[in-house]
Every structure is written in C-alpha cells, then in structure tokens.
Amino acid sequence: MDFANFASDHEHATYLMLKQVCINHLALHHMRWLDLYRVAVSEIGGLLLQLWGTQQQGALVWIPEIAAALHRRVHARAGTDLGFPHLTPDQLGIPALDNPALDAPDDASVALFVALGELLRDAGQEHAILIDGGLRITTALLADVFIVAMQQDSMDDDTVDRLILDILGSQLASYIRTGAPFIARPRS
C-alpha cells in the first residue's frame, strides 16, 4: 500500500481542507507543536483500529509502512512552504516524545481532533474515500507537522528520522494494543 502519495483528487482535496483547518486552528488557539503531533498520531491510530478492528496484528504490520511513507514525504517536501503560521518559541518547544509523562491535551487540541475526524469521515462518505485513503491523508498531515518544526529550525533531520522511525512506531503500536490514544474523543 502506498501511503506517501494520494490515490485520487478527492484525497488530495480532503488533505488540503484538513490542512487549512489545522492552520486556522493553530493560529486561532496558539496551539503547540506537540498538540498538532498528538492530533495527527491519534487520527492515524484511530483509522488503523477502524480498519483492522480486533485484529491487532494486521494493524501492527502496517506501522512500518506508514512510518516509511511519512519519512519519504517529510524529506521530499522539506523545503515546501506549507502556509503554516510561524510558531513562537513556547509553541515550538519539542519535548522528548517518548516521555510517558507528557501533559494532557488542552481543549483546543481535543476540538481539533474531533473536527478533523468528523471532516475526514464526511469527506470519505461524500467522495468514497476508504480508510486507506484516510491513512494517506493523515500521514500527509503528520508529515506537515514535522516539516513545520524542521523549517523553523527546532528539529534537524536526525531528530526527525529518530522520531518517525523509532518513537512513532512504538506510540502507534501502544495505541493499537491498548486502544488508548493521545487524545480521546469526548463522550456525548
């Protein structure tokens, strides 16, 4: 499965729409880089769980492929202007993502997570974008999150590679095994 390239114009248009939602949310709510990262990883994990249900092993097999696609996309687009606002130093503070004691997401992060999930679901229904298309879209969004940090010199290539190839995989695997995302949808 190719997670690095969109399979249709509808997938690309949905990615552009969700990226604009992220840009607007970031600007309006002064979100941190960490929160954008957690939103994107939670969306990817949720889609993997949705696709594979109780068959955890199937979802776990896709994680290296998603990480490899993310790595290729980040390095292929690293010089691209993505339109994200410049982040302040306090927004860009990049913690050790493998630290289990990360602070809880704020209300703006939860709202963005819910909005992206609903928009992705609605676009998927309208344009017959399947779950693998949703994975391509959310992988592209997560690539943008890394590119923003690289462009603002808060992450070098080696750090990005380590986060993608080492930390991301273990975080997604943990999510799939436990069903516990970084950000949980509020209960109605």
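Taken together, the values in this text are just the output of simple stated rules run on the coordinates, not laboratory data. All values derive from a computational prediction rather than experimental measurement. Cβ: placed from backbone, ideal geometry, glycine included. Neighbour counts: every protein chain shown.
Tabulated data
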| item | result |
| --- | --- |
| Spin-label model distance (nm) - D153 vs H12, 7 Å beyond Cα toward Cβ | 3.4 |
| Gyration tensor (alpha-carbon) shape descriptor, the chain, a/c threshold 1.5 | rounded |
| Highest-fluctuation residue, Q55, Q151, Q91 considered, GNM on the chain with Cα pairs under 10 Å | Q55 |
